[in-house]
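Written below as structure tokens is the structure these notes are about.
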Amino acid sequence: MRLTELFTKTSKTAPADEVAKNAQLLIRAGFIYKDMAGVYTYLPLGKRVLDNITQIIREEMNQIGGNEISMTALQQKDVWEASGRWNEDVMDVWFKTKLANGSELGLAPTHEEPLTQLMKNFIHSYKDLPVYPYQFQIKFRNELRSKSGLMRGREFWMKDLYSFSRSQQEHDDFYEKISKAYACIYDRLGIGEKTYKTFASGGSFTKYSHEFQTLSPVGEDTVYVHAERGIAINEEVYTDEVLADLGINKDELVKETAIEVGNIFTLGTRFSDALDLTFTDEDGIAKPVIMGSYGIGPSRIMGLLAEHFADDKGLVWPEVVAPAKVYIVSIGGEEVIKRADDLYEKLMSKGIEVLYDDRDLRPGEKFADSELMGIPHRITVSDRLIADDKYEYTLRSSGQTNILTLEQVIAKLG
């Protein structure tokens, strides 16, 4: 993409009421636009980052047998009344509205009920199980406060996968499989070393659920980390009973601040009982389906990465999620522009995503924007170097600079 073709612009300031570092950086870099508290528009570069995060999650979900679907955001109240969760006293984050005929609807905060209802059309026999549908969709939650940028929104992107199993053992086997898939996702995103599978309350479904918590000074949760075992305990279940269950002593744990980046829940038959989702087993006996729910927020992860991978100059994206791999800066006259154009075409022909700063601006402005946007690699084409057929290469994460030939540039980026 040529920056002269990009309608967005960078800014030296963010909205005065935006206190979260991730949102400030993303707004200044032209990745997102703040519509209101907790509600953001993803601009072209931000949409690329979100899509890259989503694709990593998609690949890992497909690897374990997930079937991607796309469900409706508008919700009829009857299936939620069946489970008891239409009432705001039970679920206090509803956004509700009405049709022109007066029928009341809700905007989905999650999808256990409607998906359970949907699967009644497809699950009848033990031969129809197990199944693992999932989706990427905007969820709506009427949060009381929303001051953490992308990390706590009233409208946000969520990957939610639901498992439908014949037995508790079949469910438990998948639960462990998706737990490992989540670990792969965080490793690929560059936050695996700081992310811990965390024991949390299982609510009415099971003794424990599990969150995935990434250590961060801006996190809203307190966890107790056992680094050697690679697990943590959420403060809400930090009791002697839990420590005994896990065989852990208090002096083995370190108190940390963290942000939740995923969760996995055993649902049992809570929703299949409420909505009468059953299957006939090998002996012809009707049984309720065992369910699980597994969430990851791509938009929340984007906010965390913006917080975690940044310096005093701006964003420092991991290459796997960056909106482009390389940023080309042209400094000089017609010959420089020609060389930069040629480099742009060569890199694009090799499938390398490029942001080409072909704007008529001062060099300092171009360099500042490249650093604010956080593109991993920068190539500078200048009058000073083209006489020797050389290019200046800079690695964003370290600021290290080298003078390279065209062949060396292509080899480094290829």
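Tabulated results
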item	result
Reduced Cα scattering model of segment 191-343, Debye log10 I(q)/I(0), q = 0.15, 0.16 Å⁻¹	-0.90, -0.96
Fewest-first ranking of 170, 193, using other Cβ atoms within 10 Å as the exposure measure	193, 170
Amide H partners (placed H, <5 Å) of residue 261, local residues excluded	212, 213, 214
Relative packing of peptides 266-272, 185-191 - highest average C-beta neighbours within 10 Å first	266-272, 185-191
Principal-axis tilt of helix 363-373 within the chain, Cα atoms, nearest 10 degrees	10
Total formal charge among the other residues, if their Cβ is under 11 angstrom from that of residue 405, Lys/Arg +1 and Asp/Glu -1	-1
DSSP-defined beta bridges in segment 290-414 - what % are antiparallel, rounded to 5	50
Between 0 and 90°, nearest 10: helix 334-349 axis offset from the chain longest Cα axis	30
Nearest 10 degrees, 0 to 90: helix 298-308 Cα axis against the chain principal axis	50
Residue among 254, 289, 79 with the largest mean-square fluctuation in a Gaussian network model of the chain, springs linking Cα atoms under 10 Å	254
Value of relative contact order over the chain, rounded to a whole percent, pairs C-alpha under 8 Å and six or more apart	16
For residue 43, distant residues with modelled amide H under 5 Å away	32, 33
Too-long pairs where the Cα-Cα distance tops 21 Å, listed order kept, from 9/313; 159/255; 77/98	159/255
Centre separation in Å (Cα based) which lies between segment 178-231 and segment 312-327	25
222 nm mean residue ellipticity, helices alone, for the chain (DSSP H n ≥ 4; -39,500 (n - 2.57); rounded to 500)	-9000 deg cm²/dmol
Rh (Kirkwood; distinct C-alpha pairs) - segment 63-175, Å	15.8
Largest-first principal axis extents of the Cα set of segment 178-228 (Å)	34, 26, 21
Reach of residue 147 by Cα under 16 Å, taken over lysines that are not fewer than 8 positions away in the same chain	21, 34
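All of the numbers you see were taken from the coordinates with simple rules; none came from a lab. Given the structure is predicted, the values throughout are model-derived calculations rather than measurements. Quick reminder, even Gly has a Cβ in these numbers, built from the backbone with ideal geometry, and neighbours come from all protein chains shown.
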